[in-house]
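The structure appears right after this line, and notes come after that.
The values are calculated or read from the model by the stated rules, or taken from the named source; none is laboratory data. Bear in mind the structure is a predicted one, so any value in this text is a computation, not a measurement. Note that we place each Cβ from the backbone using ideal geometry, even for glycine, and neighbour counts take in every protein chain shown. Calculation scope for accessible area: heavy atoms of the full protein, side chains included, ligands and nucleic acids excluded. Shrake-Rupley method; radii C 1.70, N 1.55, O 1.52, S 1.80 Å.
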Amino acid sequence: MNFSSNTLAANNETELVKAALISETISAPKDRGIIWVGLHQKLQPNWHTYWRYAGDSGLPTQLKWKKFKNVEIGKIHWPLPDIIKVGPLVNYGYENETLLLIPLTVKKKGPINLKAVAEWLVCREICIPQRKVLSLNLPAGNGEINPVNASLFKKFRRLVPEELHWPSKVFSIGNQIKLIITMNMDELKRIESVHVFPGIDGLIENGEIQKFSKNKRNIIINMKAGYAIEEGLKFFEGMINIKRSHNGSLDNRSYRINKLPLLK
Amino acid sequence: MRFKYNLLFLVCFVTNFFFISSVNASPSLGTPAPQFKGIDSNGNEVSLSDFQGKIVILEWTNHDCPYVRRQYMTGNMQMVQVKAKDMGVVWITIISSAPGTQGHVNRRQANKLTASRKALPSHVVMDPSGVIGKLYGARTTPHMYILDTKGTLVYKGAIDDKPTSWGKIDAGTKNYVLDALSELMAGNRITHAATQPYGCSVKYGS
């Protein structure tokens, strides 16, 4: 009985998160090809929404698209999240601002009219579920870059993980998970810090310290195994963030770890 | 008088568990569930060992969390409680919200919530220090645990497979707790014994 009024109340607080679908281009491309759009969220200070794996609590942002025949709508490319500690719990999410990137494969030229229902959970200490119907209309054109949005796309695209291209192995030993990534000496020398983001619940204990070391060939990260390992999970999936010194500054890159088999 | 007694008890209790500060000590399935004592919403001492020989369900809650609200406003949680009661299960609702945080209530408010929501817990245990929550690695509301008649942990995780705070509980929803209970009663292996809990974070003070 109070249910509907409460959800409505939650809906009216959308200013906690300013959300919009935006496009990297001003118009649809002249031909077939890929263009990028994104769900842009601007948050009030100290509030956050969530990464694809939210961590110990929370829920990832979702987009439900209305089909549009001329384009194929891709999956969300999630930029590197912040590590957000809530008491003893650890969450992975976005504070201040994020752009969830989505590729559109354009199959037929002409204007593009997109509509989606976006749902997210926004939390500070308390959590408020919100949803918003969003649309984006691109006229037919030459797919020129939108100068207003270009820097935003550039900034957040850099935070989206690339494929992990170094040889890597992951071991499950007792209650530890050990990730070993092999690199050459020059690469190894530049690495300042790493952090692993699990992609599945129960892979590692999110709140435990990750121990990072290097030897002549490898970087090694030791993590505490989570309950899913105990339950027989056979692979590791997630992302590693690597900070490297680069001409006196710090280069911050993330790499996707795709279903790496857990070795004994 | 009673207040003094409770305070004394609480102090002993906290010092006993002083070294458990991490929430990550999530107990393993198939092992004895951690023992705990607490004060319930009627001011009575509740000890897990009181319920030996019975199936026990632990439910972490925060009445203002939208996920908990959905479960109670749709009557879903109460439906599970009714079925559990019919099976002779002891249902312990635990409130680990620290004072001043969302979901923190006093005993009178806890009883009022039970009455107004027509909930059927055997006990509502007040855990404002978060000691019991951390002992079980409780991280969300709701977060559910099932202990078998020997006190072994046999289920931990979500109430169901629809992690949302919106709308009705649709027919295709798989209720992990009910499924686990019926498998347990039938003497079968529990198919989904550990699932990802969803919802608001438990509002621990530190």
message: Projecting each Cα onto the charge dipole of the protein assembly as shown (Lys/Arg +1, Asp/Glu -1 at the beta carbon, about the Cα centre), which of A:Leu63, A:Val90, B:Thr61 comes out farthest on the positive side?
response: A:Leu63
message: Per residue of segment A:204-216, what does 6.51 cos²θ - 1.76 cosθ + 1.60 with θ = phi - 60° give for ³J(HN,Hα)? Whole Hz please, x for Gly and Pro, Karplus curve as stated.
response: 10, 7, 4, x, 8, 5, 9, 9, 10, 9, 10, 10, 5
message: Relative contact order of chain A, please, whole-number percent, based on alpha carbon pairs below 8 angstrom and at least 6 residues apart.
response: 18
- prompt: Shielding of B:192-203 by partners, i.e. mean partner chain Cβ atoms within 10 Å per residue?
  reply: 6
message: Counting other C-beta atoms within 10 Å, and keeping those with at most 15, which DSSP coil GluC sites (Glu not before Pro) do you find in segment A:90-134?
response: A:Glu125
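As a check on your grasp of the helix formula, calculate [θ] at 222 nm for the protein assembly as shown: sum -39500 (n - 2.57) over DSSP H runs of n ≥ 4, divide by the residue count, round to the nearest 500. Provide the component values of the computation, followed by the final result.
Working: 10 runs with 87 residues, N = 470.
Result for the protein assembly as shown, helices only: -5000 deg cm²/dmol.
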field: Karplus-derived HN-Hα couplings along segment A:122-134 (A = 6.51, B = -1.76, C = 1.60, θ = phi - 60°), whole Hz, x at Gly and Pro
entry: 10, 10, 10, 9, 8, 10, 10, x, 9, 9, 8, 8, 10
log10 of Debye I(q)/I(0), alpha-carbon scatterers only, for segment A:84-225 at 0.12, 0.13, 0.17 Å⁻¹: -0.80, -0.89, -1.14
task: Keeping all protein chains in position, work out how much accessible area A:Phe156 exposes to a 1.4 Å probe, and write it in Å² to the nearest 10.
output: 10
query: For segment B:2-201, what is the relative contact order in percent, using Cα pairs closer than 8 Å and at least 6 residues apart in sequence?
result: 28
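Counting only heavy atoms of protein chains, what accessible area per residue, in Å², does segment B:2-201 have with a probe of 1.4 Å?
Heavy-atom SASA per residue in segment B:2-201 reads 43 Å².
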field: Peptide B:157-170 - average C-beta neighbours from other chains (10 Å radius)
entry: 2
- prompt: Which whole-number percent is the relative contact order of segment A:3-157 (Cα, under 8 Å, 6+ apart)?
  reply: 33
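Report, as an integer, the average count of C-beta atoms from other chains found within 10 Å of each Cβ along A:199-206.
3
When DSSP assigns beta bridges and you keep just the ones with both residues in the protein assembly as shown, what percent turn out antiparallel, to the nearest 5?
Values: 102 of 116 bridges.
The answer is about 90 percent antiparallel.
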task: Kindly report, to the nearest 10 Å², the accessible surface of B:Asp50 as traced by a 1.4 Å probe over protein heavy atoms only.
output: 90
